[in-house]
Amino acid sequence: MVKASPLTIVAGRLSTANWLASPNCNTRPADTTIDTIVIHNISLPPNEFGACGADGIHYVKALFTNQLDWNAHPYFQTIQGAEVSAHLFIERDGAITQFVNFDERAWHAGKSSYLGRPECNNYSIGIELEGSDFVSFTDEQYETLAQVINAIYDAYPKTQRHLTGHSDIAPGRKTDPGDYFEWTKLRELVAKKSDQ
Ligand SMILES: [Zn+2]
């Protein structure tokens, strides 16, 4: 069976993603097998989508590239100095931005543990969806995410073992992607696209 995934990963980069390099990354530990995908949600300010600073840069993209103006919104002062990133950010319309090469370690999970293994950043790929714990995600986001996950499965086959959420690897500390995230819908779409 020939797969016709519209997305491919070459040398750690996703085709068609906009590339915006983040300094918030480092090398994965030697001999790391990338075997986990972590889903998150983020919005800046919280629960606002598509908001940009005076420089025209989307606030989330600014955060992940250390360009956020901490004075632009009161909330930003509560996260001032944060140095974070994700491999991918998927906006409400399905647009994808990649900040960190998949072969590198993005800083998305923080203090975390999955199946007894600490430091999820070491062995996972982090995907942020523009969203919040209080609203549904868009069909475009599910479609794009399912395509992305299939591309990741092709390039990093061990990731087929572990698809999880930030709230599962940092319970009590993180709540994303939240109760509105439809895991069953995502898994069905991923399976459907893998057959195409
Ligand atoms: Zn998160």
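The values are calculated or read from the model by the stated rules, or taken from the named source; none is laboratory data. Because the structure is a prediction, the values reported are computed rather than measured. Neighbour counts run over all protein chains shown; Cβ positions are idealised from the backbone, glycine included.
General remarks:
- Filter result (away from the ligand (no atom under 13 Å from the Cβ) and over 16 Å from the mean Cα position of the chain (by Cα)) within region 26-47: Asn26, Thr27, Arg28, Pro29, Ala30, Asp31, Thr32, Thr33, Pro45, Asn47
- The residue pairs whose first member lies in region 7-20 and is basic (Lys, Arg), whose second member is assigned to a strand (DSSP E or B), and whose beta carbons are closer than 9 Å, counting only pairs six or more residues apart or on different chains, are Arg13/Trp19; Arg13/Gln98.
- From the options Glu119, Glu128, residue that is modelled with pLDDT of 95 or more, within 16 Å of the ligand (Cβ to nearest atom) and within 26 Å of Leu7 (Cα to Cα): Glu128
- Members of region 52-75 found to be under 18 Å from the mean Cα position of the chain (by Cα) and away from the ligand (no atom under 13 Å from the Cβ), listed by number: His58, Tyr59, Lys61, Ala62, Thr65, Asn66
- Exclusive hit being small (Gly, Ala, Ser) and either within 16 Å of the ligand (Cβ to nearest atom) or within 14 Å of the chain's Cα centre (by Cα) (or both), set Ala146, Ala155: Ala146
Table: residues versus (1) touching a residue at least 24 places away in the same chain (Cβ under 8 Å); (2) out of contact with any Gly (no Cβ under 9 Å at 6 or more places or on another chain); (3) more than 24 Å from Thr27 (Cα to Cα).
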| position | (1), (2), (3) |
| --- | --- |
| Arg105 | yes, yes, no |
| Gly116 | no, yes, no |
| Ile127 | yes, yes, no |
| Glu143 | yes, no, yes |
| Ala146 | yes, yes, yes |
| Ile149 | yes, yes, no |
| Thr164 | yes, yes, no |
| Arg173 | yes, no, yes |
| Gly178 | yes, no, yes |
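- Residue match in region 177-185 (condition: loosely packed, with under 14 Cβ neighbours inside 10 Å, of a type in the set (Asp, Glu) and not in a loop (DSSP other than H, G, I, E, B)): no
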